[in-house]
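Read the structure below first, then the notes.
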Amino acid sequence: MGEVWFYHLERSTLDQVLPELLEKTLARGWRALVRVREAERLDTLDERLWTWRAESFLPHGRADRPDADRQPVLLTTETENPNTAQVLFIVDGAELGPTDAFERCILLFDGRDDEAVAEARKRWSQVKATGAVCSYWKQDEDGRWSKAA
């Protein structure tokens, strides 16, 4: 298992943070797989990635559409990795699933949601018990990310 990073969203929303992290992932030359729990969420994320900046978009596709294996960013509800992504993003409490194929797994959770925080703590303990390298990231007052653990 690669590194597992936990991002505690307190000052920004998932719709603000995810595109920025995906952009950084692509800049490294990596592919990304974004796993959500509910299929309905795919539509929202798909639209957000096309329109997140007026002057650009994030190239992406969906696993339930043709050419999924060619997409630099792939949105899915499944545990497969058809685009051979190096980074797995877990959002909305989706299952972590197998992680051996990934360099890094990033779990984003809403710090304003008590259930999401409790689930993230549980997952932290489970992942740490496997011997994986875990990092915990949170935002400061200015919205910058810092490693807290």
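Cross-link partners for LYS122 among the aspartates and glutamates, with Cα-Cα distance under 14 Å and sequence neighbours closer than 8 places in the same chain left out: GLU95, ASP114.
Normalised per residue, the accessible area of the chain is 54 Å², obtained with a 1.4 Å probe and no contribution from ligands, DNA or RNA.
Return the ratio Rg/(2.2 N^0.38 Å) for the chain, where Rg is computed over Cα atoms only. Let's see the in-between values first.
Values: Rg = 14.5 Å, N = 149, 2.2 N^0.38 = 14.7 Å.
With N residues counted in the chain, Rg over 2.2 N^0.38 Å equals 0.99.
The distance separating the Cα centre of region 80-149 from that of region 35-65 comes to 19 Å.
For region 1-55, what does the alpha-carbon gyration tensor say about shape, rounded, prolate or oblate, given a ≥ b ≥ c as the root eigenvalues, a/c under 1.5 as rounded, and a/b over b/c as prolate? The shape class here is rounded.
Rounded to the nearest 500, the helix-only mean residue ellipticity at 222 nm of the chain stands at -9000 deg cm²/dmol, with each DSSP H run of n ≥ 4 adding -39,500 (n - 2.57). Mean sequence separation of contacting Cα pairs (under 8 Å, at least six apart), scaled by the length of the chain, corresponds to a relative contact order of 34 percent. For the chain, a simple Cβ point-charge model (Lys and Arg +1, Asp and Glu -1, everything else neutral) yields a dipole of about 520 debye relative to the Cα centre.
Counted by Cβ distance under 13 Å from TYR136, the other residues give a net charge of +3, where Lys and Arg count +1 and Asp and Glu count -1.
The values are calculated or read from the model by the stated rules, or taken from the named source; none is laboratory data. In this text, all values refer to a predicted model and were calculated from it rather than measured experimentally. Neighbour counts run over all protein chains shown; Cβ positions are idealised from the backbone, glycine included. Surface accessibility is based on the protein's heavy atoms, side chains included, excluding ligands, DNA and RNA. Shrake-Rupley method; radii C 1.70, N 1.55, O 1.52, S 1.80 Å.
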